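Reading through the structure tokens given below for one structure.
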Amino acid sequence: MVDWLQNASLTASNTFGFEVVAERYAEVSDAAQIPSLLAIIEQQNWPLLILGGGSNLVLSSKLPGCVLRIALRGYDVLEDHVDHVIIRVAAGEEWHQCVTHCLQNGWYGLENLALIPGSVGAAPVQNIGAYGVELKDVVSKVDVYDRRAKQFDSLSVEQCHFGYRDSVFKSIHPDRYLITHVCFKLSKVPRVSVAYAALESACRHLYPNAASYSPRQVFDAVCYVRRSKLPDPSKLGNAGSFFKNPVVSSDVFFELKEAYPELVAYPDVQGYKLAAGWMIDYLGWKGRRIESVGVHKDQALVLVNHGGGSRESIESLSAQIQTDVMKCFRVFLEVEPRFYP
């Protein structure tokens, strides 16, 4: 049986730290509970929010219906080969702890994704990525409960339709699947990716005499960079990068580059990916505060709650930034976090 809490506070369960109350709240610690629990929710026609680490959400002050936190735990080795391993990680495990656990066991590939807040189950929804690595690069499959078919299933990488901060779980069928486990194919042979300029610079700074870098050193460098640029949600409310880097055609990029020679961008299969943080900073938003919310002083991509903020105040701030960027650069900044409800 699952115990429902009435009018439960979720202030500590969303990284923005907004004061949020859920009409009903329950934690799922056993996957076997899921079918009957969802049957009750559908029978009552309650709105449902599946909650992971609360790190990529902008929540209203009152949430109708019910909130389910996926609290499944555990690691399983499905296949153990000479050069790689396939592991199955429960959705309720904390993401950074998962990265650390894998590194300690000699399973490599997740180092560049260290210190990203949230749960393992939430990671595929966003196809989280950092410093040249995306989740899709290391996932082998995602185990789910299919609410439409009313059965447990596994989705291949192709079926997940991973894109830039996107997946089938986010934009194609956002309410169909409940993620229970994520399976990773990780290397047992140390291989690292330090092509990202800021990461390579941090590696040189931390290990100036190293001819090459180990996965542990890359992990340390990623943590160093993130801690130097991004605020700790436990100390300053935020949801990480708030805007996606917009992708434009080559023609648009060269036109913008001529008008703004210092514009930062990266080659992309569709043209160029513009650095949204650079544009926001260029327009003078970095460090600005509007009452209880603002833009972080060191990272213009991060919107923060200084205390007492709300969904409405963050929504207003982000809309002002989007308007300014559109007026100046003629590109639209898409928001990364999910607004609910």
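The values are calculated or read from the model by the stated rules, or taken from the named source; none is laboratory data. Predicted model only: the values in this text are computed from it and were never measured. FYI the Cβ positions are ideal-geometry reconstructions off the backbone, even for glycines, and counts take in every protein chain you see. What goes into the accessible areas is simple: the full protein's heavy atoms, side chains included, and nothing from ligands, DNA or RNA. Shrake-Rupley method; radii C 1.70, N 1.55, O 1.52, S 1.80 Å.
In the set (1) free of Cβ contacts under 8 Å to residues at least 24 places away in the same chain; (2) touching a Cys at 6+ places or on another chain (Cβ under 6 Å), the condition left unmet by D3 is number (2). Do you know which residues across the stretch 317-341 are open to solvent by 60 Å² or more (accessible area, probe 1.4 Å) and either touching a His at 6+ places or on another chain (Cβ under 6 Å) or assigned to a helix (DSSP H, G or I) (or both)? Passing the criteria: Q320, T323, M326, K327.
Does D232 meet the test of being part of a loop (DSSP other than H, G, I, E, B) and under 24 Å from the mean Cα position of the chain (by Cα)?
Spelling it out, D232 is indeed part of a loop (DSSP other than H, G, I, E, B) and under 24 Å from the mean Cα position of the chain (by Cα).
Against the conditions (1) open to solvent by less than 40 Å² (accessible area, probe 1.4 Å); (2) under 23 Å from K141 (Cα atoms); (3) not acidic (D, E), A32 satisfies every one except (1). For the condition assigned by the TED database to the domain that holds G92, more than 27 Å from Q104 (Cα to Cα) and either open to solvent by 50 Å² or more (accessible area, probe 1.4 Å) or among the hydroxyl-bearing types (S, T, Y) (or both), S167 qualifies.
Residue pairs whose Cβ atoms lie under 7 Å apart, separated by 6 or more positions or on different chains, with the first residue in the stretch 181-207 and modelled with pLDDT of 95 or more and the second of a type in the set (K, R), are H181/R88; C183/R88; C183/K141. Scanning the stretch 94-128 for residues that are part of a loop (DSSP other than H, G, I, E, B), open to solvent by 30 Å² or more (accessible area, probe 1.4 Å) and more than 18 Å from Y196 (Cα to Cα) gives N105, W107, P117, A122.
If you check Y196, Y131, Y177 for being surrounded by fewer than 21 Cβ atoms within 10 Å (Cβ to Cβ) and either closer than 30 Å to R227 by Cβ or more than 15 Å from the chain's Cα centre (by Cα) (or both), only one passes: Y196.
Condition check for L63 on (1) outside the structural domain of T180 (by the TED database); (2) modelled with pLDDT under 95; (3) surrounded by 18 or more Cβ atoms within 10 Å (Cβ to Cβ): one failure, at (2). Being touching a helix residue (DSSP H, G or I) at 6+ places or on another chain (Cβ under 7 Å), closer than 18 Å to I34 by Cβ and not assigned by the TED database to the domain that holds G53 holds for only one residue in L135, L178, and it is L178.
Residue by residue through the stretch 136-154, note down the ones that are touching a residue at least 12 places away in the same chain (Cβ under 8 Å), assigned to a loop (DSSP other than H, G, I, E, B) and of a type in the set (A, V, I, L, M). Within the stretch 136-154, V138 is the sole residue that qualifies.
Of the residues making up the stretch 137-164, those that are crowded, with 19+ Cβ neighbours inside 10 Å and closer than 25 Å to N245 by Cβ are V138, V139, V142, C160, F162.
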